[in-house]
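S.K.: Let me give you the structure first, and then I'll get to my questions.
The values are calculated or read from the model by the stated rules, or taken from the named source; none is laboratory data. No experiment lies behind these values; they were computed from the predicted model shown. With ideal geometry, Cβ positions are generated from the backbone for all residues, glycine too; neighbour counts draw on all protein chains shown.
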Amino acid sequence: MNIEITDVTRRFGRTQAVAGVSLDAGPGVLGLLGPNGAGKTSLLRMLATVIPPTTGALRLLGRDPRGYTPRREIRRRLGYLPQNLGYYPGFTVTEFVEYFALLKEMPAAAVPAAVAAAIERVDLGGKARAKLRTLSGGMLRRVGIAQAIVNQPDLLLLDEPTAGLDPEQRVAFRALLRDLGQTATVIVSTHLVEDVGAACTQVAVMDAGRIVFHGTPAELTERGEGTDAAGDAPLERGYSAVLAAARASLRASA
Amino acid sequence: MTAASTPAVPTRAWHLARPGRLLRLELRRNPMLWMVPLLAALFWYGVYRPCLANPPLWVLRAATIQSHALLIFAPLLAGVAAWTGSREGRRHTVDLVSITALPRWAAQLAAWAATAAWAEAVYLGGTAVVYGITAHQATWGGPLWWPIAVGAVGVAAACAVGYAAGALLPGRFTAPLAAVLVFVALGAGAIWIEHNGSYAQIWPLNVQGPFPDDSYGVFYPFLPDLAIAQLMLLGGVMAAALGALGLASARGGRWLRGLAAWLTVAGVAAAAAAIGLAGTARVEAHGIVIPALHDAASDRPVSYTPVCARSAVPVCLQPAYAAMLPDVTATLGPVLDEITGVPGAPVRVTQVAVTSMQAHEPGNGIAFGGPVLSGHPVTLLLPLSGLTLAGEGNTTAAQFSQQLRTQDAAILDALVGLASPVGPQSGSSGAVIVPADLSPGAAAQHAIVSAMAKVAGLELGEDQIGRQSAGQRGTGPPPGPQAGSPSSASRLAAAERFAALPAAARHAWLVTHLAALRAGRVTLSEIP
């Protein structure tokens, strides 16, 4: 398993962002669904080693990220696209991706080819020398994806990766996700249920800091069958049904 | 968005190449790169022009580079470095850069190094130009590196302080605040040094304390004591700033935290030790001496072959001052002509190092000695240091000659026995001593000085006669005549009488009466 999460919590002051999550994931694409404030981004930031858990145990790529040396090893094999991608407007696309390739301690001689490959994979080859300040929001998102995948990570964490992408790019991105999921563990946090249906082999639904569903997209679809859950597509209805059940259970236990 | 590429296999050579690539990337996109034209313009205006306006003495130009470059560059560099340092905070890339395998501190050090490298390129490039020109213009000596080293470390330290401020307190106002604070710190140093003669010497813009820039590093080696202390201070500040950066960003890595802590502590200790050492500094004859850093070898005079003018009384200068020889010879000529052949008159004029001592008043003023008659046959030992040389600032050759004429008067003072042998005079306040009660002998001495000055074309007012100084004729109010002392009018009358004599008669009288005049045994009535 590339990801082993055991009863992990995370608090920010009085706010419980993640409230006891346990989850295992191997190679493949795991979609992380949930409403705003469900704790998806906090969970992803813990997996990305940005923040440590308040309690609980976390093992990434078979290592405990609390130690400096294993954490550094994890980070070499990690790709992360944050929800709000910061960037340096004066850098070109190539420079920005190269910068992160070097920070990820890629061998210097391998960097140019890896950078070019990553840029090509997000279809920005024609904009490789463009300054980031000249790019649209969707292109910037693709630059963010390129920096995340430049080191061919074994663990790829993408927070809202398709936000700002046009339909054509979203289709292409789903294909990229499926390709990456062949060898790596990819976790995609998203609001867009159709992305999950098209690209993910596994799906987890979070609500109020907890995982309330973990299974395949087909299993999530089944949860919505025969219910009056809201949604235009079967997967959406399954998602709505899972959330409704989880909230009812929470109210009952309270 | 398409298929995958092949992973590369790391080797040792690739590991070594990575920092180079990172630095190259930072150099290419560093905000300081955009400031290079401005820095170059500022260097040209604030350093190059003042340097080239000075006479081609290495020490003058080195001192100008250190003090001017730091004053002009440091605030701007701190501001730009703070802007660079705050990049991650301003651009919201903290999450991205803090989860990379390379320690964030290393990435920050690369960005700081790129920032400092551009600043150093301008500073060292400008210095190379100034030194290249000086090498063609200077008549003696070689480049001084200590002031240049202080400037170079000061540039890096300003970048480090600014970068650390920007990284630790990111915000759009950090850069201007850093620039203003560095400027205020430099300004505070200027005020501090006015009121403190020891600790404040560490001020990085200070080259050799109260010494004029042409008064050291010529006759004796440049004393590096203060420069070493300043390097310790600036290096310490730089290390502490970079260490603090590491402490804040090296989460998790024990050895990194240890290294950052060690660097911070070592930097603070070095800076504190430097200030402590500066507290032991004392002004000596040829510069500032810090006992713990002083090398006695620096106290040995520098050997040189003087350049001399072929005049009736040869005038010899240190070769660094060769360009001033014609002015010095022409200015001293009239007085030397008047006294040539008189017993006790100098047969040769030799430039000597400035003689100085710490002044007694609070502050860090020093006193300079004037010209001295010494030896057998008598030689006039003439220090030029302390005068504003022709070409220094906006000083013209005429203004330089005007200053030299005060040396003429001092020569006459010395000749008639008015000047003290070494004669430390106030160099900071300009106050001089006017005898309150002139004895008959002293009155005659003053009258002769006044007469010969008049003959030689010197314009000495009555209130100047009798002042002991050479070169620091000042502003002290003359006291009123006391009962029993010869009146000012009688002194003037005697001076007028003597000046009106034919040159041969004056000369003959001086030959026969100089010894008595010097001994104070000649009265006004005995002056023909």
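S.K.: So which residues in region B:376-398 are aliphatic (A, V, I, L, M) and either buried (at least 19 other Cβ atoms within 10 Å of the Cβ) or modelled with pLDDT under 80 (or both)?
M.R.: B:LEU380, B:LEU381, B:LEU382, B:LEU384, B:LEU387, B:LEU389, B:ALA390
S.K.: Follow-up question, since we're still on this one. Any idea how many residues of region A:63-85 are crowded, with 22+ Cβ neighbours inside 10 Å and either under 30 Å from B:TRP34 (Cβ atoms) or among the polar types (S, T, N, Q) (or both)?
M.R.: Summing the residues that are crowded, with 22+ Cβ neighbours inside 10 Å and either under 30 Å from B:TRP34 (Cβ atoms) or among the polar types (S, T, N, Q) (or both) in region A:63-85 gives 3.
S.K.: Those residues that are in a loop (DSSP other than H, G, I, E, B) and either crowded, with 22+ Cβ neighbours inside 10 Å or free of Cβ contacts under 8 Å to residues at least 40 places away in the same chain (or both), I need them from region B:168-196; list them, please.
M.R.: B:PHE173
S.K.: Give region B:481-516 a look and list any residue that's in a loop (DSSP other than H, G, I, E, B) and modelled with pLDDT of 80 or more, or say none.
M.R.: Those that are in a loop (DSSP other than H, G, I, E, B) and modelled with pLDDT of 80 or more: B:LEU501, B:PRO502.
S.K.: When you scan region B:150-167, do you find a residue that is of a type in the set (Phe, Trp, Tyr) and either surrounded by 23 or more Cβ atoms within 10 Å (Cβ to Cβ) or part of a helix (DSSP H, G or I) (or both), even just one?
M.R.: yes
S.K.: Kindly establish whether B:ALA114 is within 14 Å of chain A (Cβ to nearest Cβ), in contact with a Leu (Cβ under 9 Å, 6 or more places away or on another chain), at pLDDT 95 or above and crowded, with 19+ Cβ neighbours inside 10 Å.
M.R.: So B:ALA114 fits the description; yes.
S.K.: Select the strands (runs of 3 or more DSSP E) contained entirely in region B:267-337, then report the ones holding at least 1 residues which are acidic (Asp, Glu).
M.R.: B:282-284
S.K.: May I ask you to say which residue of A:ASP166, A:ASP159, A:ASP154 is over 18 Å from B:LEU96 (Cα atoms) and within 13 Å of chain B (Cβ to nearest Cβ)?
M.R.: A:ASP166
S.K.: Do we find that A:GLU98 is of a type in the set (Asp, Glu) and either more than 11 Å from chain B (Cβ to nearest Cβ) or surrounded by fewer than 24 Cβ atoms within 10 Å (Cβ to Cβ) (or both) in this structure?
M.R.: no
S.K.: Can you tell me which residues in region A:3-17 are more than 12 Å from A:LEU58 (Cβ to Cβ) and in contact (Cβ under 8 Å) with a residue 60 or more places away in the chain?
M.R.: Across region A:3-17, the qualifying residues are A:GLN16, A:ALA17.
S.K.: Quick check on my filter: what residues within region A:61-80 are more than 9 Å from every other protein chain (Cβ to nearest Cβ) and closer than 19 Å to A:GLY181 by Cβ?
M.R.: A:LEU61, A:GLY62, A:GLY79
S.K.: Of the numbered conditions (1) more than 7 Å from every other protein chain (Cβ to nearest Cβ); (2) among the aliphatic types (A, V, I, L, M); (3) under 20 Å from B:PRO103 (Cβ atoms), A:ALA48 satisfies every one except a single condition; which is it?
M.R.: Failing condition for A:ALA48: (1).
S.K.: Would you mind stating whether A:PHE213 is within 14 Å of chain B (Cβ to nearest Cβ) and crowded, with 18+ Cβ neighbours inside 10 Å?
M.R.: So A:PHE213 fails the test.
S.K.: From the residues in region B:267-318 that are in contact (Cβ under 8 Å) with a residue 12 or more places away in the chain and polar (S, T, N, Q), which one is surrounded by the fewest Cβ atoms within 10 Å (Cβ to Cβ)?
M.R.: For region B:267-318, the residue satisfying everything is B:THR305.
S.K.: Need the failing condition index for A:GLU120 against (1) outside any loop (DSSP other than H, G, I, E, B); (2) at the interface with chain B (Cβ under 7 Å from one of its Cβ atoms); (3) touching a Lys or Arg at 6+ places or on another chain (Cβ under 9 Å); (4) not hydrophobic (A, V, I, L, M, F, W, C), just the number.
M.R.: Status for A:GLU120: all satisfied but (3).
S.K.: Continuing with the same structure: Among the candidates B:ALA190, B:ALA227, B:ALA179, B:ALA200, which residue alone is at pLDDT 95 or above and over 30 Å from B:PRO319 (Cα atoms)?
M.R.: Just one listed residue meets the conditions, B:ALA179.
S.K.: Can you tell me which residues in region A:171-185 are more than 23 Å from A:GLU98 (Cβ to Cβ), in contact with a helix residue (DSSP H, G or I) (Cβ under 8 Å, 6 or more places away or on another chain) and either surrounded by 19 or more Cβ atoms within 10 Å (Cβ to Cβ) or among the acidic types (Asp, Glu) (or both)?
M.R.: The answer is A:ARG174, A:LEU177, A:GLY181.
S.K.: Next question, about the same structure. Looking at the structure I just gave you, is A:TYR88 over 22 Å from A:GLU168 (Cα atoms), surrounded by fewer than 24 Cβ atoms within 10 Å (Cβ to Cβ) and at the interface with chain B (Cβ under 7 Å from one of its Cβ atoms)?
M.R.: yes
S.K.: For region A:1-39, give me each residue that is surrounded by 20 or more Cβ atoms within 10 Å (Cβ to Cβ), in a strand (DSSP E or B) and of a type in the set (A, V, I, L, M, F, W, C).
M.R.: Passing the criteria: A:ILE5, A:VAL8, A:ALA17, A:VAL18, A:VAL21, A:LEU23, A:ALA25, A:VAL29, A:LEU30, A:LEU32, A:LEU33.
S.K.: How do the pairs read when you match residues in region A:239-254 that are in contact (Cβ under 8 Å) with a residue 60 or more places away in the chain with residues anywhere that are charged (D, E, K, R) and not in a helix (DSSP H, G or I), using Cβ under 7 Å and keeping only pairs 6 or more apart or on different chains?
M.R.: A:LEU243/A:ASP207
S.K.: What single numbered condition from (1) in a loop (DSSP other than H, G, I, E, B); (2) at pLDDT 75 or above fails to hold for B:ASP437?
M.R.: Only one criterion is unmet by B:ASP437, namely (2).
S.K.: Taking region B:225-236 as the region of interest, how many residues are of a type outside the set (Gly, Ala, Ser), surrounded by 24 or more Cβ atoms within 10 Å (Cβ to Cβ) and touching a residue at least 60 places away in the same chain (Cβ under 8 Å)?
M.R.: Final tally of qualifying residues: 4.
S.K.: Given the conditions (1) in a loop (DSSP other than H, G, I, E, B); (2) in contact (Cβ under 8 Å) with a residue 60 or more places away in the chain; (3) within 7 Å of chain B (Cβ to nearest Cβ), report the number of the one that A:GLN83 does not fulfil.
M.R.: Result: A:GLN83 fails condition (3) only.
S.K.: Same structure again: Restricting to region A:101-116, and then to whatever is free of Cβ contacts under 8 Å to residues at least 12 places away in the same chain and aliphatic (A, V, I, L, M), can you tell me which residue is farthest from the other protein chains (Cβ to nearest Cβ)?
M.R.: Filtering first and then ranking leaves A:ALA113.
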